[in-house]
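Accompanying notes for the structure given below.
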Amino acid sequence: IHYHHAGFLGSALDPLRIKADPNAATFQVEDVSVPEAIGTERLERRRRMLEQIDQFQRVRDRAAGDVSARNEFYEQAFGLITSPAAKKAFQISDEPDTLRDRYGRCREGHSTLLARRLVEEGVRFVTVNFPGYDTHDKNFVELKDLLLPKLDAAYATLLEDLAERGMLERTLVICMGEFGRTPKVNGQTGRDHYPRVNSICL
């Protein structure tokens, strides 16, 4: 989903978007580890070179705004790919099979499990996307057979899991759509866009 960014808050607060499927056996998060072809020594040389270029840039024009935000973003990125805690958080295979089954053996279920692991490691804001709810046609079939079973399993398990770990009382879980759906069913047994009313669970 391409509109997930920090907007007017600046690029330093853009999210780390995880494109891979956490349920896949080969799950790996891009940009969270140093590629083997580069290695840590070469990465360190690149960082020193970047610092020299940044210093030259600062002396030349005392840039602010986007440039300073980008510098902060680079620091965050370097810290992330060299952090053992980050690597540990993304090792979803460490979770017991029974818990993984409860969350649901699908992208959405394991993304929700990954969200819990990230919160556990101190990440303060995590978004999990459940796509497919733009049900202009076959609304009832899509919800019953495909969409709601994934949401029910992942959402219920997340709340139970957080409670069992003593994390629920300090974690706000928000379940919401981007907007409401029309109360009237259209000719394709679907519901259309309805921005006047929306359901949000806190």
Which whole-number percentage describes the relative contact order of region 92-181, with Cα contacts under 8 Å and a sequence gap of 6 or more? 32 percent
In what sequence, highest mean first, do 99-106, 163-170 appear when ranked by Cβ atoms within 10 angstrom? 99-106, 163-170
For Lys138, counting only aspartates and glutamates whose alpha-carbon sits under 14 Å away and dropping same-chain residues fewer than eight positions off, the answer is Asp192
Between Leu146 and Leu159, what is the label-point separation in nm under the 7 Å Cα-to-beta-carbon projection? 2.6 nm
I need the calculated FRET efficiency for the pair Ile200 and Asp21, taking r as the beta carbon distance and R₀ as 25 Å, to the nearest 0.05. 0.40
Keeping all protein chains in the complex and leaving out DNA, RNA and ligands, what accessible area do you get for Leu16 with a 1.4 Å probe, in Å² to the nearest 10? 80 Å²
Heavy-atom SASA rank of His5, His193, His110 (probe 1.4 Å, accessible area, largest first): His5, His193, His110
Which of the lysines could a cross-linker bridge to Lys144, judged by Cα under 22 Å and excluding same-chain residues fewer than eight apart? Lys184
With θ set to phi - 60° and the Karplus curve 6.51 cos²θ - 1.76 cosθ + 1.60, what are the ³J(HN,Hα) couplings of region 116-130 in order, to the nearest whole Hz, using x for Gly and Pro? 4, 5, 5, 4, 4, 8, x, 5, 8, 8, 10, 10, 10, 9, 10
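The values are calculated or read from the model by the stated rules, or taken from the named source; none is laboratory data. Keep in mind that this is a model prediction, so the values were computed, not measured. Here the Cβ is made from the backbone with ideal geometry for all residues, glycine too, and neighbour counts use every protein chain on show. In case anyone asks, the SASA skips ligands and DNA or RNA and just uses the protein heavy atoms, side chains included. Shrake-Rupley method; radii C 1.70, N 1.55, O 1.52, S 1.80 Å.
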